[in-house]
Amino acid sequence: MKKFASLCTTLMLLLVLGLVACTSGGESAETETEVPASNEAVTETESTGETAVEPATEIVMYNWSEYIDPEIYTLFEQETGIRIVEDNFSSNEEMLAKLQGGATGYALIVPSDYTVSIMKEEGMLAKLDHANIPNLSNLSDEFKNVPFDPGNEYCVPYQWGTTGIGYLDGVVETPTSWSVIFEPDPNAPYYGRYTMLDDVRESFAAALIYLGYDINTTDEKQLEEARDLLIKAKAGLAGYDSDTFEDLLAAEENVLAHGWNGDFLVAQEENENIAYTIPQEGGVIWVDNVCIPATASPEEKLAAEMFINFLLDPEIGAMLSEFNYYASPNKAAEDILGEEFLSDPAVYPPAEVRERLQFIKPVGEFESVYQRMWDEVKSANP
Amino acid sequence: MQAIIRRSPAIRAWILLAPAVAWLFIFFLAPLVIVLIYSFLERGTYGGVVWQPTLENYRRVFDALYFNTFTRSVYIAVATTVICLILGFPMAYFIATRPQKIRNSLLLALMIPFWTNFLIRTYAWLTLLRTNTGLINVTLLSLGIIDEPLPLFGNDFAIILGLVYGWLPDMVLPVYAALERLDRSLLEAAQDLYAGRWQVFRRVIWPLSLPGVVAGSMLVFIPSLGAFVTPAILGGGKSLMIGNIISNQFLAAHDWPFGSALSMLMMVFMLVATLIYFRAVNREGGAGL
């Protein structure tokens with residue numbers, strides 16, 4: 001029995017040691033926020049020629065799925081010898097959670113506007129060295145001073161777009177209101193054949209817009225109303241889907257979907273009946289950005305900046321938009337994209353539609369309320 | 001030093017045990033204790049924990065919403081286990097009673113589908129089950145057997161189907177192992193003593209195969225209760241199990257403490273369920289023998 005007791009004490013001791021190691025791990029994560037500063041120091045010494053940083057030969061880009069023409073990687077590798085490996089996420093929250101959980105090894109990430117604000121605040125992003133990104137001048141003025149990152153200090157806009165409704169023209173009438181999703185007629189042909197985004201802020205935004213509230217509301221009553229609406233809508237829903245909603249529309253498994261404009265436009269190549277619209281109540285507008293996590297090594301950071309510069313090349317910028325059908329923040333790429341693309345209202349919403357679009361913004365501590373209510377929506381059995 | 005080690009059997013035993021103890025400690029006990037501690041802390045806004053003790057996470061676990069999902073998950077896991085047993089037992093019995101050569105080929109045939117990645121096999125079910133473009137509904141509709149597509153996807157039926165498909169071999173293999181060792185002369189003896197087919201099964205085969213049945217049931221029940229890939233794919237993201245809610249706390253909701261509390265609840269439940277099950281089976285085994 002004595003032996004058992006001594007074993008227990010040894011185990012407890014080891015346990016305490018383990019916990020100490022854990023907490024000190026947490027502290028080191030905090031000190032990582034200073035990495036951008038030290039990176040700057042590195043590049044400074046580089047310019048004086050003391051220690052030259054060589055770019056990494058392989059870096060990982062953490063991106064949304066089907067968001068980049070793989071050909072761009074090949075061209076970049078041919079030009080610089082740097083190989084880019086891609087990993088995918090399907091929501092800002094997923095990407096943020098993975099990085100917060102301590103995932104390292106990513107040199108490039110593609111967060112949306114409101115997530116850039118969060119990551120900046122949490123010290124998760126490295127400051128960009130503009131000397132390595134001369135092509136920044138190709139950005140259109142509007143995107144040189146975005147509110148979430150003035151002066152492109154941490155991020156470079158990648159693509160921008162809107163969130164609305166995609167549908168099969170001819171099978172369903174053009175949806176003019178979010179009521180098609182929130183007040184569906186059980187006898188309508190599309191009942192049970194539509195999806196919503198599996199994304200807390202996007203799905204709440206749709207419900208809040210329909211209710212006429214601010215999509216960044218921090219009023220718990222309004223949010224509860226939106227939650228009840230989402231739960232009610234679940235009865236007619238085929239599922240929550242952020243990755244394959246456009247493919248399911250193209251295959252005519254579903255006939256209506258809440259989703260991002262470019263995805264629908266790409267799917268038009270498979271099924272020309274697919275159309276995109278923003279309901280009269282309005283929709284969401286967003287800007288996705290390429291950024292470098294603070295955890296990237298100086299070598300990875302340099303390689304990542306070279307790639308960001310490459311993306312801002314007019315030809316490559318045009319290639320990107322031709323692949324994913326999202327609007328480009330790259331002014332220089334517009335000449336190559338051509339008038340037909342630039343005048344497509346599904347890509348570049350006209351002024352009167354644009355007035356009805358809102359940006360999702362960070363809600364700070366209130367985020368937990370959104371998350372809890374989203375849990376309630378997803379778990380409910382209507 | 002060497003002399004001490006040689007002389008003391010206790011020290012020698014400890015040295016031999018050290019790797020196993022270290023392994024259990026680092027990969028089992030330490031993570032478990034971290035989860036336990038986290039479950040009593042407050043969440044950080046965007047992940048992590050705030051070192052502020054609270055019982056709030058455990059109060060939330062018993063919210064009707066999460067508790068209902070939990071009981072639904074238990075129901076799904078129990079249904080999966082029972083169906084696996086009903087399908088797996090005759091399969092195992094059939095394989096175990098074939099000649100050695102055929103037996104091996106049959107076991108191989110059972111294992112072949114599992115050389116393919118689980119995720120891909122689950123996605124393959126989508127092609128069959130989709131409501132409007134799935135192979136099953138399209139075939140039945142075009143043959144005029146049904147007028148309306150059957151609700152095969154995005155519900156508990158699809159989840160249970162996917163789980164049974166995924167975990168069936170985990171039931172068959174332990175039951176097979178138990179049945180294979182069964183002494184055939186015992187069956188003959190029972191028949192000589194005028195036991196009917198049912199009685200032979202009930203009083204000889206079943207009790208002797210119980211260790212395999214118990215192992216198989218545990219191997220199916222535990223992963224089914226914690227499943228999150230199958231419900232995420234075949235449930236259409238609409239029908240959730242407790243595993244989805246837990247993974248969601250870490251992968252999206254940035255609420256590690258609540259995810260930890262849910263995990264603790266699940267572990268305690270599994271422990272209690274396992275103990276009750278073992279005890280019930282032991283009694284049954286005793287009566288049968």
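Listed by Cβ neighbour count within 10 Å, with the fewest neighbours leading, A:120, A:232 appear as A:232, A:120. Applying a length cut-off of 15 Å (Cα extent along the axis) and a mean Kyte-Doolittle floor of -0.5 to the DSSP H helices of chain A leaves A:2-31, A:200-211, A:298-311, A:314-324. Screening chain B for whole DSSP H helices of 24 Å or more along their axis (Cα) with average Kyte-Doolittle hydropathy at least 1.0 returns B:64-96, B:156-180, B:206-225. Dividing the summed helix terms, -39500 (n - 2.57) for each DSSP H run of n ≥ 4, by the number of residues in chain B produces a 222 nm estimate of -23500 deg cm²/dmol to the nearest 500. Once you reduce the stretch A:211-242 and the stretch A:292-322 to the center of their Cα atoms, the two points are 37 Å from each other. Rg of the Cα atoms in the protein assembly as shown, relative to 2.2 N^0.38 Å, amounts to 1.12.
Neighbour counts of C-beta atoms inside 10 Å place A:193, B:98, B:197 in the sequence B:197, B:98, A:193, starting with the fewest. Provide the percentage of antiparallel DSSP beta bridges, counting only those with both residues in the protein assembly as shown; round to the nearest 5. If I count the DSSP bridges inside the protein assembly as shown, around 60 percent turn out antiparallel.
Straight-distance candidates among the lysines for linking to residue A:234, with alpha-carbon spacing under 16 Å and chain neighbours fewer than 8 residues away dropped: A:378, B:238.
Applying the criteria of a DSSP loop state and at most 15 other Cβ atoms within 10 Å to the trypsin sites (Lys or Arg not before Pro) of the stretch B:52-132 yields no site. Peptide A:94-100 has a mean shielding of 5, counted as Cβ atoms of other protein chains within 10 Å of each residue's Cβ. For a straight C-alpha distance cut-off of 25 angstrom, no lysines are reachable from residue B:101 once same-chain residues fewer than eight places away are disregarded. Farthest toward the positive end of the dipole of chain A, out of A:342, A:140, A:368, is the Cα of A:368, where the dipole comes from beta carbon charges about the Cα centre. Here, chain B is characterised by an Rg to Rh ratio of 1.06, where Rg is the alpha-carbon radius of gyration and Rh the Kirkwood radius.
When the alpha carbon coordinates of chain A are projected onto the principal axes, the ranges are 70, 69, 35 Å, largest first. By other beta-carbon atoms within 10 Å, ranking B:148, A:142 with the fewest at the front produces B:148, A:142. With each label modelled as a point 7 angstrom along the Cα→C-beta vector, the residue B:192-residue B:87 pair spans 4.0 nm. Return the calculated 222 nm mean residue ellipticity for chain A, to the nearest 500 deg cm²/dmol, obtained by summing -39500 (n - 2.57) across DSSP H runs with n ≥ 4 and dividing by the residue count. Rounded to the nearest 500, the figure is -13500 deg cm²/dmol.
We did not get these values from a lab; they are worked out from the coordinates using the rules stated. Treat the numbers as computed from the prediction; the structure is a model and nothing was measured. Don't worry about glycine lacking a Cβ; one is built from the backbone with ideal geometry, like all the others, and counts go over all protein chains shown.
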